[in-house]
Amino acid sequence: MNGKLPSVTAWILLSLPLAIQPIYCQSFEVTPLFGFRVGGDFRLQPDGPRPYAIAALSNTASSGFAAGMKLDDESAVEFRWIRQGTKLRLPDLSGQPGNTYLNTSINTFHGDFTHEFATEWESVRPFLTGSVGASRIATPAQGSTRFSFGFGTGAKVNLTRRFGLRFNAQYIGILVSPETRGGVCAGGCVAVIGGRVTSQLDFSVGPTFRF
């Protein structure tokens, strides 16, 4: 029995690298993202008989990160967070001339499904991305979380095995539910009316770290 124990131990030690190899073949990527987010508006119904008005978001910088795992050489799943600090322009809802601006933040939390494409340049990998999740829209008066989705494209430029650059362009659609009362207050509260999608475009770039 004592002679067999070293043999069994040696077999386990030799087999261990083969057992864990599939795990380590899956690379993990983390990318801080810095960009610019444009577009987005809401249809608002003020209190009283006045008709609805359009409140538009200002185009501002965005930031966040993407982190995920490559399933194979061409496919990956990721979690992506993007934050935009912006202002919501409310036209004439207070009855005063000019526009009212409200500080507004949008935090988007998405699960991304990415497919990369091989090219004749090994260091450049174009990709397509589809994503689903939720977006949190908050003003000083109130915040609400809504279903959101996205799709986009971009390219990864692999400078070394562990480091590269990532360029993204993504459409983000936020589904706004009808009759969301009290979402914005400025000289009287208003409601978002009509189920519709608020559309934005996010352009970003960042360094990619692989582990």
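The values are calculated or read from the model by the stated rules, or taken from the named source; none is laboratory data. Quick caveat, the model's predicted, so the values are computed rather than measured. As a convention, Cβ positions derive from the backbone with ideal geometry for all residues, glycine included, and neighbour counts pool all protein chains shown. With ligands, DNA and RNA removed, areas are computed over all heavy atoms of the protein, side chains included. Shrake-Rupley method; radii C 1.70, N 1.55, O 1.52, S 1.80 Å.
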Inter-site label distance for Tyr52 and Phe117 at 7 Å from Cα along Cβ, in nm: 3.8
Leu159 versus Ser63: modelled label distance in nm, points set 7 Å from Cα along the beta carbon direction: 2.0
Heavy-atom accessible area ranking, 1.4 Å probe, most first, across Val205, Val38, Val176, Val132: Val132, Val205, Val38, Val176
Backbone N under 15 Å from the Thr145 label point (7 Å along Cα→Cβ), restricted to the stretch 99-119: 106-111
Cβ-defined net charge surrounding Ser62, 12 Å radius [Lys, Arg +1; Asp, Glu -1]: +2
